[in-house]
Protein chains: 2
Amino acid sequence: MLNLFPLISGAIAIIFAILLAIYIIKKSPGNERMREISHAIQKGAVTFLNEEYKIISIFVLIVFFLLILASFYTDLPWQTSLAFLTGAFFSGLAGNIGMRIATKANARTAEAAKSGIKKALLIAFSSGAVMGLCVVGLGIIGISIFYLIFEETSILFGFGFGASSIALFARVGGGIYTKSADIGADLVGKVEEGIPEDDPRNPAVIADNVGDNVGDVAGMGADLFESYVDSIISAITLASIVAYAYASLYPLLIASLGIIASIIAMIFVRGKNPYTALRNGLFGAAIIFAIFAFITTHYLIKDYSPFYATLVGLIDGIIIGLATEYFTSEQRKPAQSIAKAAETGAATDILQGMSVGMLSTVIPIASTCIAMVLAFEFASFYGVALAAIGMLSTLGISLATDCYGPVADNAAGIAEMAGLGEEIRRTTEALDAVGNTTAAMGKGFAIGSAAITALALLFTFVNKAEKVIGEIKIELTQPHLLAGIFIGAMLPFLFSALTIGAVGKAAYKMVNEVRRQFKEYKILEGIGKPDYERCVKIATKGALKEMILPSSLAVIVPILIGIWKIEALIGLLAGATASGFLLAVFLANAGGAWDNAKKFIEAGHLGGKGSFAHKAAVVGDTVGDPCKDTAGPSLNILIKLMSIVSLVFLPLFAKFA
Amino acid sequence: MLNLFPLISGAIAIIFAILLAIYIIKKSPGNERMREISHAIQKGAVTFLNEEYKIISIFVLIVFFLLILASFYTDLPWQTSLAFLTGAFFSGLAGNIGMRIATKANARTAEAAKSGIKKALLIAFSSGAVMGLCVVGLGIIGISIFYLIFEETSILFGFGFGASSIALFARVGGGIYTKSADIGADLVGKVEEGIPEDDPRNPAVIADNVGDNVGDVAGMGADLFESYVDSIISAITLASIVAYAYASLYPLLIASLGIIASIIAMIFVRGKNPYTALRNGLFGAAIIFAIFAFITTHYLIKDYSPFYATLVGLIDGIIIGLATEYFTSEQRKPAQSIAKAAETGAATDILQGMSVGMLSTVIPIASTCIAMVLAFEFASFYGVALAAIGMLSTLGISLATDCYGPVADNAAGIAEMAGLGEEIRRTTEALDAVGNTTAAMGKGFAIGSAAITALALLFTFVNKAEKVIGEIKIELTQPHLLAGIFIGAMLPFLFSALTIGAVGKAAYKMVNEVRRQFKEYKILEGIGKPDYERCVKIATKGALKEMILPSSLAVIVPILIGIWKIEALIGLLAGATASGFLLAVFLANAGGAWDNAKKFIEAGHLGGKGSFAHKAAVVGDTVGDPCKDTAGPSLNILIKLMSIVSLVFLPLFAKFA
C-alpha cells in the first residue's frame, strides 16, 4: 500500500490540475479584441513549441537509438532507452499543458480584473497551479512506475536524461526566443520610436508576449521538472548506502507529502493583496509539508536524521528565495543603488548592477554549503539528495507562483493593447508587479535547486562509478581531476558566451525586421498594419538555429571527458556545478536588479520616466535581459544535464577505464 | 660557486637597471611646460605612494608582530617574520624605483619623439626595463639570501607573504585609484563637456595620468614580483619530493638563466616598428632561455624531465599572451564584432563584450590545464612549480614591455597637453597604440602566471600540510572540501563586487569634484584654472579608504577557514584559483575588447568619432575600465595571497587540526 502512495498522490495532482484547467477555460475570455490578441499569442506559442518539438524529436530519437545500441555493447540496461523516451515525453507533456493553459488564462485574467483583483489573482494563480501540479504529478508517476516495475536505479537515470533533454531545449531555445523578441521590440519600439511597451503597433509585440510564455512558463517548468525527478532519482540510488528502514521508498514518500501539502496550501492563495496571498501559500505549504514529513518519519523510520536532512534543504530554498528578493526588489537598497548610479549614466548603472549581482552570490552559496555539510552529517550522501528533495518538496505550489508571473504580465499586455481603461490596467499591473518579484524569487529558487540537485547527482555518480569501475583516485591533487575542475568551471562561461551571443544575433535580425516594417508599412503614420506573424517566425527560427551549438556541447563534452579520464569527469562535474551556480546567480540577480532599478525610476524617483537616469537604466535593463532570462537559467540545465549524461553513459566510460 | 650564481645574476640585473636609469635621467625632459606636467604627474604618483605606504606600514607592522607572536606559540620559525619584512620591503623598493623612473621617462619619451620613433621607443622601453630588472633582481636576491642562510623553506613563505602584502595593496588600491580618476575625467570632460582626452583644462587629467603609473606600473610590478618569488619558493619546497640532483637549486638556476636571457634579448628591442621590436625581444628571450635551460639541464641533471616541465610553462605563457591579443586587438574579429554591435546601441555593445570576454576564457584555461597535466607527468608537483617558473622565466623583459605601455601613454598625454604639434603627437600615439596591445597581453600573462603559481602553491600547501598534520582526507566528495571549493569559487565574485563597487564610489566623488571645478572656476570659459592637486587627493583618499575591506577579506578568510577545517581550506584554495582565473580573464579581456572596439570606431570605422556607434562604444569602454584595471588584476593577488597566507599560518592550523 505504502508503495502505491506516490502514484496516488501523483494522480491526485493530475486530477486537481484538470479541475483547475476546466475552471479557467469556463471563464469568459473577454471581448473580441482581447480574444484576438490572446489567440495570436497562443498561436505564436504553439507555433514555437511545434517547431521546437520537431528538432527535439530528432534529437530524442537519435539518443534513443544510441542508448539501444549502447545497451548491446555495454552494461547499460535496455530499459534505459524506454525510460529516456518516457521522461522526455512526460516533461514535454507537462510543458505543453502548462503553456496552453497559461496562454488561455491571460485574457481571462484581464477580463476578471473588471470585477476586481481578487478574482483576477485566482485565475492567474490557478493557471500557474496547473503547470505546477502537472510537473510534480507526472514527475512522481513516471519515476514510481519505472521504479516499481524494474526496481533498478540505473534505468531511472534514463528518465532523468529524458527530462533533461527537454529542459535543455526549452530553456536554451526558449530563453533565446524570449529575449530576442523582447530586445527587438524594445530597442526599436521604445527606444527609437518612443512608443510605449505593449503598444499594438509594434510588430514584435506578440512575439514578445509569446516569449514570456515560452521562456518563463515552458522553460521554467521543464527546468524544475528536471530538478524534481533528478533529486528523487539520486536519493533512491543513494539509499543503498544508509541502513534506515524504507530508505529507498522514503524519497518518493516525502515527495508525495510535498504534493499533498502544496494542494492544501493553495487554499491560502486568496485575498486582495496578491503578494501576501502568494507568500501565505508558499510558507503554508512549507510548514504543512514539514509537519507531514515529521509525522511520517516518526512512525515509519523512527530515526529523525533523514527528516533533518530534508528540512535543511527546505530551509536553504527559503533562504535563497528571500536573499534573491532582497537583492532584486525595487523596494530594497541594492536595486535602488543601481538606480542612483544611473544618474551618472549607463556605464555606472551597469557597473553597480554587476557589483550587486556578484555580491548577491554570497548568501546562496554559503547557505547551500552549510546545508550540504549538515545534510551530509545527518545521512551522508543520501542526506544531500534528501536536502534537494526537501528544497523541491513544495514545487507544486512554488512553480505555480513562478508561472503566475508571465500570465499576469500577458494580462497586463492585453489590457494595454485592448485599451481596457485605466482602472483595469492598474489592476493587471498590480498583479504584474507582484509577478516580477515572484519570478525573481523563482529564478533564485530554480538555480539553488539545480545546484543542490547537481551535487546530489555528483555524489550519485561517484558512488555508482566506484561500484562499476572500482576505486577511483579522487584526491583533489590528482592532476586530471584538478584539470577537470578547471575545465568544468570554464564551461558555464563558454555556455553563457554562446547563449548571450545567440540572443545578440537573433535580436539583430528582429531589430532589422521591426525597423523595416515601421518604414515600409508606415505603421506609425497609421497607414499599414504590423505583421506579427513574421516577427514570431523570425524569433522562432533564430532561437532554434542558435540553440544547437550550446545544447550539443552540454551533451558531448561530458561524454568525451568521461571516455578520456573518469577522474577528470568527476572534477568537471564539481567545477561546473560550482561555477555554474555562481554565474547563474550573478546573471539572474544582476538582471533582476537592473530591471527593477529601471522600474524604481519609472515609479517617479530620480526624475522618473524620460529622465537622463531613466535612459541609463533602460540600457542596464536591456543588458540584464538575456543575462537573467537566457544565460542564467540555461546554466541550471547545463550543470544537471552533464551529471545525468555522465550517469547514463557510465557503462560506456567503464569500457575505457 | 653554483650556489652563488642566482645572487650574481640578480646583481647583474640590478646593475643593468641602474645603468638604464642613468641613461634615462640624462636625457632632456623637454620644454618648461612638459617638465611642469611631468613634474605634476610625478608629484601625484609619489603622493599616492607615500600615503599608500603609510597604510601598508601599519599593516606590515601588525602582521610582523603577529608572526613573532605566532612563532612563540606554534612551530612557526621566528625568521619568517624577518623574511616577511624583507619581502615587503623588496617589493616596495622595486615598485618605487620602477614608478619613479617611469614618471621621469614620460616627458623624455615625448621629447625624444621629436627625433623619431626609434629613440622614443628606446627611452620608453628602457624605463620599463628598469622595472622589469629590479623585480627579477630583487626577487632572486631576496630568496637566495634567505635560502642560503637558513636552508629552511618555511621561512621563504614569509618572504612570499611580504611580497603578496605589497601586491595586494598596490593592485587593489592602485586599481581603484586609476579607474576612479579615469572615469571621473572621462565622464565629465569627454562625455558631458565634450573636450578631448588629456585636455589640460580637465581638473582630473593629472590624476588620470598618475593613475596609469600607479596601477599599471607599480601595481603590475608588485603583482608579478609576487608570482615570481612564489613560483620559485614553491619549486624549492617541492624539490624534496623528487630525486634529481640539484633539485632544490634548479629553480633558482633556471630563474637566473631567464634573467640573463632577458638582458641579452633587450638588444633586439629596437627599430622603427615598436610592435615588431617588442615582439622580437619577447620571443628572443624565450628562445635564448630555452637553449640556456636545455644546456644547463643536460650537464647538471642529465634528466630532461624538469626541463620539459619548465618548457611547458614557457609555452603556456606564450599561448595565453597570443590568445589575449586575439581576443582584445582592434585588428581582430572579436573586438570588431563588439564595434558592430555598438551600431544598435550601448546595451548590445556591452552584451557582445560580455560574450567575447567569456569566450576568451577557453584557450587560457585549456592551455593551462594541459600544461599542468603535462608538467605533472614530467615531474609531479615539482614539475607544476617549474612550469610556473618557466612561464615567468623571462619576466625581466616581459614586464619591461608591460611597463612600457603606461610610459608611452603618459608621453602621448604630455604631447597633447603641451601642444607639441601634430607630428610628435602622431609618433607618441603610435607608441601608445602598441602599448595598449602589450598591456593587454601583459594582463593575460599576469593572470596566467598567477593561476599556475597558485596551483603550485596549492600543491605545496597540501604537501606541507600532510607533513605537519598527517594524512588529510582530500577526496573531492569529502563535504567540507567540496563546500570549500564552492566558498572559494565564490570569493572572487565577492572580491570583484567590492572592488567594482569601490571604483563606483570613488569615481562618484571625482565626478562631483570635476563638475564643481568646471562650474565654480569657469575653466572652460577661460576664466579660472583647474586644481589638479585636489583631484589627486580625492583619488588617493578614495582609493585608500576603499581598499581596506577587500584587502582584509583576502587575509582573514583563509585563516578562519583553515582554523575551522584544513580540508575546507584546501578546497577553498582550489575553488578560488579556478574561479579567480576565469573571472580575471573574463574581466580583463572583456574590458580590453570594449576599449579596442571603441578605438576601432575612433579610427574611422562604422561612422567614426561622434557617431551613434561611438557613443555606445564609449559606454562599453567605461564599463570595461574597472573590470580590466581594478577587479581583474586584483584577483591575481587574491588567489596567490590566500595560498601564501595558508602556507605561512599552517603551524597555526596544525594546532586546531
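Binning at 10 angstrom from zero up to the longest distance, how are the C-alpha pair distances of the protein assembly as shown distributed in percent?
Spelled out per bin, shortest first, that is 2, 10, 18, 22, 19, 15, 9, 4, 1, 0.
Run a plain Debye calculation on region A:484-533 (Cα atoms as equal point scatterers, no solvent) and give log10 I(q)/I(0) at q = 0.16, 0.28, 0.33 Å⁻¹, rounded to two decimals, same order as the q list.
Calculated log10 I(q)/I(0) at the listed q: -0.59, -0.95, -1.08.
Quick one: check the C-alpha center-to-center distance for region A:443-492 versus region B:519-574, whole angstrom.
Answer, in whole Å: 36.
Given R₀ = 30 Å, FRET efficiency for A:E377-A:I55 by Cβ-Cβ distance, to 0.05? Intermediate results must be reported in sequence, preceding the final value.
Numbers: r = 45 Å, r/R0 = 1.49.
The computed FRET efficiency comes out at 0.10.
Determine the shielding of peptide A:506-519 by partner chains: average, over its residues, the number of Cβ atoms on other chains within 10 angstrom of each Cβ. Display every interim value, and only then the final one.
Details: counts 0, 5, 6, 0, 0, 4, 1, 0, 0, 1, 0, 0, 0, 0.
Rounded to a whole number, the mean comes out at 1.
Where Rh is the Kirkwood radius over the Cα pairs of region A:350-407, the temperature 4 °C and the viscosity 1.567 mPa s, what D in µm²/s does Stokes-Einstein return?
On the way: Rh = 13.7 Å.
Approximately 95 µm²/s, per Stokes-Einstein.
Place a +1 charge on the Cβ of each Lys and Arg in chain B and a -1 charge on the Cβ of each Asp and Glu, then give the dipole magnitude about the Cα centre in debye, rounded to the nearest 20.
Rounded to the nearest 20 debye, it is 780 debye.
Chains B and A: what accessible area do they bury, summed, in square angstrom to the nearest 100, with a 1.4 Å probe?
On the way: alone 23230 and 23310 Å², together 40760 Å².
The contact between A and B buries close to 5800 Å².
Obtain the radius of gyration and the Kirkwood radius of region A:568-657 from its C-alpha atoms and give Rg over Rh.
Working: Rg = 19.7 Å, Rh = 15.2 Å.
Expressed as Rg/Rh, it is 1.29.
What list of ³J(HN,Hα) values in whole Hz, one per residue of region A:437-447 in order, does the Karplus curve 6.51 cos²θ - 1.76 cosθ + 1.60 (θ = phi - 60°) give from phi, with Gly and Pro shown as x?
Taking θ as phi minus 60°, the curve returns 5, 5, 5, 5, 4, x, 5, x, 5, 4, 5 Hz for region A:437-447.
Check each of the trypsin sites (Lys or Arg not before Pro) in region B:444-497 and keep only those in coil by DSSP with at most 13 other C-beta atoms within 10 angstrom; list them in order. Working shown, then result.
Numbers: sites: B:K464, B:K467, B:K473; in loops: B:K473.
Qualifying residues, ordered by number: B:K473.
May I ask you to report, in nm to one decimal and beginning with the shortest, the distances from B:E152 to the same position in the other copies, taking label points 7 Å along Cα-to-Cβ?
6.3
If the limit is 22 Å between Cα atoms, which of A:K190/A:K519; A:K119/A:K443; A:K443/A:K598 go over it? Kindly include the intermediate steps, with their values, before the conclusion.
On the way: A:K190/A:K519 15 Å; A:K119/A:K443 26 Å; A:K443/A:K598 19 Å.
Pairs exceeding 22 Å: A:K119/A:K443.
Pull up the cross-link candidates among the aspartates and glutamates for B:K473, meaning alpha carbon to alpha carbon under 20 Å and not fewer than 8 places away within one chain.
Partners within reach: A:E377, A:E466, A:E471, A:E475, A:E567, B:E567.
If you count, for every residue in A:576-586, the Cβ atoms of partner chains within 10 Å of its Cβ, what is the mean? Spell out each step's value before the answer.
Values: counts 0, 4, 12, 9, 0, 3, 9, 7, 0, 2, 5.
Mean inter-chain Cβ contacts per residue within 10 Å come to 5.
At a 10 angstrom cut-off on C-beta neighbours, averaged per residue, how do the peptides A:399-412, A:526-539 rank from highest to lowest?
Working: A:399-412: 31.1, A:526-539: 18.7.
In descending order of packing, they fall as A:399-412, A:526-539.
Out of A:I236, A:I264, A:T368, whose Cα points farthest toward the positive end of the dipole of chain A (charges: +1 Lys, Arg; -1 Asp, Glu; placed on Cβ)?
A:I264
At A:R534, label 7 Å along Cα→Cβ: distances to the other copies, nm, ascending?
A:R534 label point versus its equivalents elsewhere: 5.8 nm.
With no solvent and one equal point scatterer placed on each C-alpha of region B:311-395, evaluate the Debye formula and give log10 I(q)/I(0) for q = 0.16, 0.20 Å⁻¹, two decimals.
At q = 0.16, 0.20 Å⁻¹ the computed log10 ratios are -0.66, -0.83.
Of the options B:L282, B:L66, B:A590, report the single residue whose Cα projects farthest towards the positive end of the charge dipole of chain B (beta-carbon charges: Lys, Arg +1; Asp, Glu -1).
Value computed over the given set: B:L282.
Using alpha carbons only, how many angstrom separate the centre of region B:229-292 from the centre of region A:316-350?
48
Given the C-alpha centroids of region B:44-88 and region A:1-62, what is the distance between them in whole angstrom?
The distance from the Cα centre of region B:44-88 to that of region A:1-62 comes to 66 Å.
With N set to the residue count of chain A, report its C-alpha Rg divided by 2.2 N^0.38 Å to two decimal places.
Numbers: Rg = 23.4 Å, N = 657, 2.2 N^0.38 = 25.9 Å.
In units of the globular-protein estimate, chain A measures up at 0.90.
Can you give the local net charge around B:G419? Use residues other than it whose beta-carbon is closer than 15 angstrom to its beta-carbon, Lys and Arg +1, Asp and Glu -1.
-4
Can you give the angle from 0 to 90° between the axis of helix B:346-359 and the longest principal axis of chain B, with both taken from C-alpha atoms, to the nearest 10?
30
If each of B:M1 and A:E32 carries a label point 7 Å out from its Cα toward its Cβ, how far apart are those two points in nm?
10.6
Just add up the charged neighbours of A:R35: K/R +1, D/E -1, any other residue whose Cβ is under 14 Å from the Cβ of A:R35.
Details: positive: A:K27, A:R33, A:K43, A:K104, A:R108; negative: A:E32, A:E36, A:E111.
Result for the local shell: +2.
Taking each residue in B:352-363, count the Cβ atoms of any other chain within 10 Å of its Cβ, then average. What number comes out?
Rounded to a whole number, the mean comes out at 6.
Charges at C-beta only: +1 for Lys and Arg, -1 for Asp and Glu. How large is the resulting dipole of region A:293-401 about its Cα centre, in Debye rounded to 20?
80
Please find the FRET efficiency linking A:Y246 to A:F283, where r is the Cβ-Cβ separation and R0 is fixed at 35 Å, and quote it to the nearest 0.05. Let's see the in-between values first.
Details: r = 28 Å, r/R0 = 0.81.
The formula returns an efficiency of 0.80 here.
Mind checking the dipole of the protein assembly as shown: about its Cα centre, +1 per Lys or Arg Cβ, -1 per Asp or Glu Cβ, Debye to the nearest 20?
Details: 96 positive and 100 negative charges, 202 e Å.
With only Lys, Arg, Asp and Glu charged at Cβ, the dipole is about 960 debye.
Can you give the angle from 0 to 90° between the axis of helix B:220-238 and the longest principal axis of chain B, with both taken from C-alpha atoms, to the nearest 10?
10
Count charges around B:E513 for me, please; just the other residues with Cβ under 10 Å from its Cβ, Lys/Arg as +1, Asp/Glu as -1.
Details: positive: B:K509, B:R515, B:R516, B:R534, B:K537; negative: B:D531.
My count for the surroundings of B:E513 gives +4.
Within 10 Å, count the other beta carbons around each residue, average over each peptide in A:378-385, B:11-18, and list them highest first.
Values: A:378-385: 27.8, B:11-18: 18.8.
Peptide ranking by packing, descending: A:378-385, B:11-18.
Before rounding to the nearest 500, sum -39500 (n - 2.57) across all DSSP H runs of length at least 4 in chain A and divide by the residue total; then give [θ] at 222 nm in deg cm²/dmol. Please list the in-between numbers first.
On the way: 21 runs with 533 residues, N = 657.
Calculated mean residue ellipticity at 222 nm is -29000 deg cm²/dmol.
By how many degrees, 0 to 90 and rounded to 10, does the Cα axis of helix B:479-520 deviate from the longest principal axis of chain B?
The angle comes out at about 20 degrees.
Along the positive direction of the dipole of region A:66-177 (beta-carbon charges: Lys, Arg +1; Asp, Glu -1; about the Cα centre), which of A:G139, A:G87, A:G175 reaches farthest?
A:G175
If you count, for each residue, the other Cβ atoms within 10 Å and average over each peptide, how do B:275-287, A:127-139 line up from highest to lowest?
Top of the packing list down: A:127-139, B:275-287.
Using 1/(1 + (r/R0)^6) with R0 = 56 angstrom and r between the beta carbons of B:K190 and A:S552, what's the FRET efficiency to the nearest 0.05? Working shown, then result.
On the way: r = 44 Å, r/R0 = 0.79.
Efficiency, rounded to the nearest 0.05: 0.80.
Put a point 7 Å out from Cα along the line to Cβ at A:T276; what are the distances to that point in the other copies, in nm, shortest first?
A:T276 label point versus its equivalents elsewhere: 7.8 nm.
The values are calculated or read from the model by the stated rules, or taken from the named source; none is laboratory data. No experiment lies behind these values; they were computed from the predicted model shown. Note that we place each Cβ from the backbone using ideal geometry, even for glycine, and neighbour counts take in every protein chain shown. Please note that ligands, DNA and RNA were not included when accessible areas were found on the heavy atoms of the full protein model with its side chains. Shrake-Rupley method; radii C 1.70, N 1.55, O 1.52, S 1.80 Å.
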